[in-house]
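Rule-based calculations on the coordinates, nothing more; no lab input. Treat the numbers as computed from the prediction; the structure is a model and nothing was measured. Here the Cβ positions follow ideal geometry from the backbone for every residue, glycine too, while neighbour counts run over all protein chains shown.
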Amino acid sequence: MNADIFEEQLKIKSNNYPRLTSKLLELSNADKYDDAKQEWRITGKTWDSNRTYNNHPNVLLELNNHPSNHKHHCLCGHNIRYHFEVENTITNVLEIVGSSCINNWMVLRHINEVLKIDKRTITEKMIDEWKQTAVQSLVKDSWWELDGEDFTNNFNNIKDLDLRINVKKTGKKYWDEMLKEYRPQTYIRKSSNGIYGHPDYQMASIVWRWNHPDNKRSQINSKRGFPNERLINDIAHFLINMNRILTIIQIEDKKDSERYQELALIDNVIRNEIIKTNENDLDQHHFLKGCDYFGIRPFTTGEARNAWERRFLRDMRRVVVNIQQPTEKQADKLINILNRRIITEEGAVLSNDEFVNPDDTMRM
Ligand SMILES: [Zn+2]
């Protein structure tokens, strides 16, 4: 683009801000606006007046002490939330403008001086794009400077818990290879249920919204680049409910660790059985291998209390020998029968009757 036409277009644009241009001219060294506008640059300092609350008294203090002395207003007079500081590099005057009044000349200078791009190669389209980007990144930087550390700490403290708590159950179960049992199938909750603050409120996953790699619209990768208010509020909600959440997690963890202890005992029983089994008895060896695979102790049809159970245990033995996956129903029924006996630390399987409290026997 021809440089003269370029300047001409900017001149037309600058007429859209007559109130701003006259104020800027007043505070400049040059007598003509065409020269005066080139004296100004963006300093990079930005204040969000909404952040004067939320434990950020410094924002209010800095705005109150700013030499421009028109808090909540642009130099042109309109109301603003974001305060962008601009500086006249000849007169050293510091001023405040809103995002719509960061004019193209300030952006042009910013691109030229900060990004070190030759003025002659800068097009109007580039300026428009960079103006948006510059405003966005100034707002983003000011947010991270004030709240970034707290947010990062809170997020890191709750991210693992979030992925366990803020999930939805499908009602279906899946076979867990580690715990060797059927477990409820869960998915990350991607949208919230209920009303914020109500006891039945279920928030969408914090990790999902902020930085989950599968989320194409994660907030960390948005143009905005910092968490939205909803996410911040949900993090606060999560932290307030931390004791309740930790209790749920502890119960889950306890169940898992009990299952691992049980698997260790089952392992012990199986090892004892293998020693006792003749190496030519291939069927029994396959059965024991299958028991190990499914995390169940070896059993015999002798444990059945009726004909149905005897048939069921015989069928289950065949399923285990062939390493077929027992269905959820079969697994439940089998565990119910096997739990009538107790596995000792030494690897013996005893009838539950031997553990009956003697007091109970006395009463009989
Ligand atoms: Zn303005």
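Can you name the number of the only condition in (1) without any contact (Cβ under 8 Å) to a residue 24 or more places away in the chain; (2) in contact with a Lys or Arg (Cβ under 8 Å, 6 or more places away or on another chain) that Pro213 fails?
In the conditions (1) without any contact (Cβ under 8 Å) to a residue 24 or more places away in the chain; (2) in contact with a Lys or Arg (Cβ under 8 Å, 6 or more places away or on another chain), Pro213 misses (2) alone.
Looking at Ile248, is it among the β-branched types (Val, Ile, Thr), surrounded by fewer than 17 Cβ atoms within 10 Å (Cβ to Cβ) and either under 35 Å from the mean Cα position of the chain (by Cα) or part of a helix (DSSP H, G or I) (or both)?
Values: among the β-branched types (Val, Ile, Thr): yes; surrounded by fewer than 17 Cβ atoms within 10 Å (Cβ to Cβ): yes; either under 35 Å from the mean Cα position of the chain (by Cα) or part of a helix (DSSP H, G or I) (or both): yes.
Yes: the conditions hold for Ile248.
Read through the list (1) more than 24 Å from Arg209 (Cα to Cα); (2) within 16 Å of the ligand (Cβ to nearest atom); (3) not in a strand (DSSP E or B), then give the number of the only condition that Leu138 fails.
With respect to (1) more than 24 Å from Arg209 (Cα to Cα); (2) within 16 Å of the ligand (Cβ to nearest atom); (3) not in a strand (DSSP E or B), Leu138 is out only on (1).
Mind checking whether some residue in the range 193-210 is within 30 Å of Ser100 (Cα to Cα) and in contact (Cβ under 8 Å) with a residue 40 or more places away in the chain?
Looking only at the range 193-210, we keep the residues that are within 30 Å of Ser100 (Cα to Cα), and these are 209-210.
Filter once more, so that each one left must be in contact (Cβ under 8 Å) with a residue 40 or more places away in the chain: 210.
Looking through the range 193-210, at least one residue is within 30 Å of Ser100 (Cα to Cα) and in contact (Cβ under 8 Å) with a residue 40 or more places away in the chain.
Rundown of residues vs (1) touching a helix residue (DSSP H, G or I) at 6+ places or on another chain (Cβ under 6 Å); (2) not hydroxyl-bearing (Ser, Thr, Tyr), yes/no style:
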position	(1), (2)
Ser68	no, no
Cys101	yes, yes
Asn112	yes, yes
Lys116	no, yes
Ile127	yes, yes
Trp130	yes, yes
Trp144	no, yes
